[in-house]
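The values are calculated or read from the model by the stated rules, or taken from the named source; none is laboratory data. Please read these numbers as outputs of a predicted model, since none were measured by experiment. Cβ atoms come from the backbone with ideal geometry, glycine included; neighbour counts cover every protein chain shown.
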Amino acid sequence: MPYGSEDEAVEIANDSVYGLSAAVSGTEERSLRVARKIRAGQVHINSGAYIEGSPFGGYKQSGLGREHGESGLREFLEVKAIFV
């Protein structure tokens, strides 16, 4: 889809009820800036390959929680604060 600005591109990307994965291309600086704004569980930059063991999961209606890595382990933990 054509877009007029970086902010408009992010708006188009985020205009979905899903957010499992996205892709961005361009310079590393610009791509990282855009990737941070996109509401997706993973963003591939310049065809970056998935790394085994990386957290996997989506935003919005693409799921809740993560699998794999430290983030996946946290799904099985409960946090408790105790004050004395």
If Ser71 satisfies every condition in (1) out of contact with any helix residue (DSSP H, G or I) (no Cβ under 8 Å at 6 or more places or on another chain); (2) free of Cβ contacts under 8 Å to residues at least 24 places away in the same chain; (3) in a loop (DSSP other than H, G, I, E, B) but one, which is the exception?
(3)
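Select from region 20-29 the residues that are part of a loop (DSSP other than H, G, I, E, B) and surrounded by 13 or more Cβ atoms within 10 Å (Cβ to Cβ) and write down the one among them that is modelled with the highest pLDDT.
Taking region 20-29 and keeping what is part of a loop (DSSP other than H, G, I, E, B), we get 20, 25-27.
When the remaining residues are screened for being surrounded by 13 or more Cβ atoms within 10 Å (Cβ to Cβ), the result is 20, 26.
Values: Leu20: 90, Gly26: 94.
Selected residue: Gly26.
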Conditions (1) at pLDDT below 95; (2) of a type in the set (A, V, I, L, M, F, W, C); (3) surrounded by fewer than 13 Cβ atoms within 10 Å (Cβ to Cβ) -> Val17 fails only (1)
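Of everything in region 1-25, what is out of contact with any strand residue (DSSP E or B) (no Cβ under 8 Å at 6 or more places or on another chain) and not acidic (Asp, Glu)? Give them in sequence order. Please lay out each step first, then the result.
Here is the first cut: in region 1-25, the residues out of contact with any strand residue (DSSP E or B) (no Cβ under 8 Å at 6 or more places or on another chain) are 1-12, 14-15.
Listed by number, the residues that qualify are Met1, Pro2, Tyr3, Gly4, Ser5, Ala9, Val10, Ile12, Asn14.
If you scan region 30-47, which residues turn out to be under 19 Å from Ser62 (Cα atoms) and part of a strand (DSSP E or B)? Walk me through it before giving the result.
Filtering region 30-47 for residues under 19 Å from Ser62 (Cα atoms) gives 35-44.
Correct list: Gln42, Val43, His44.
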Would you please list the contacts, defined by Cβ atoms under 9 Å and residues six or more apart or on different chains, that run from a residue in region 34-63 that is more than 16 Å from Asp15 (Cα to Cα) and touching a residue at least 12 places away in the same chain (Cβ under 8 Å) to a residue that is crowded, with 18+ Cβ neighbours inside 10 Å and among the hydroxyl-bearing types (Ser, Thr, Tyr)?
Ile45/Ser31; Asn46/Ser31
Residue check, Leu77 against (1) out of contact with any helix residue (DSSP H, G or I) (no Cβ under 6 Å at 6 or more places or on another chain); (2) at negative phi; (3) in contact (Cβ under 8 Å) with a residue 24 or more places away in the chain, all met but one. Which one?
(3)
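Among Gly41, Gly58, Gly65, Gly72, which is of a type in the set (Gly, Ala, Ser), surrounded by 15 or more Cβ atoms within 10 Å (Cβ to Cβ) and at pLDDT below 80?
On the way: Gly41 fails: at pLDDT below 80; Gly58 fails: at pLDDT below 80; Gly65 fails: surrounded by 15 or more Cβ atoms within 10 Å (Cβ to Cβ).
Unique residue meeting the criteria: Gly72.
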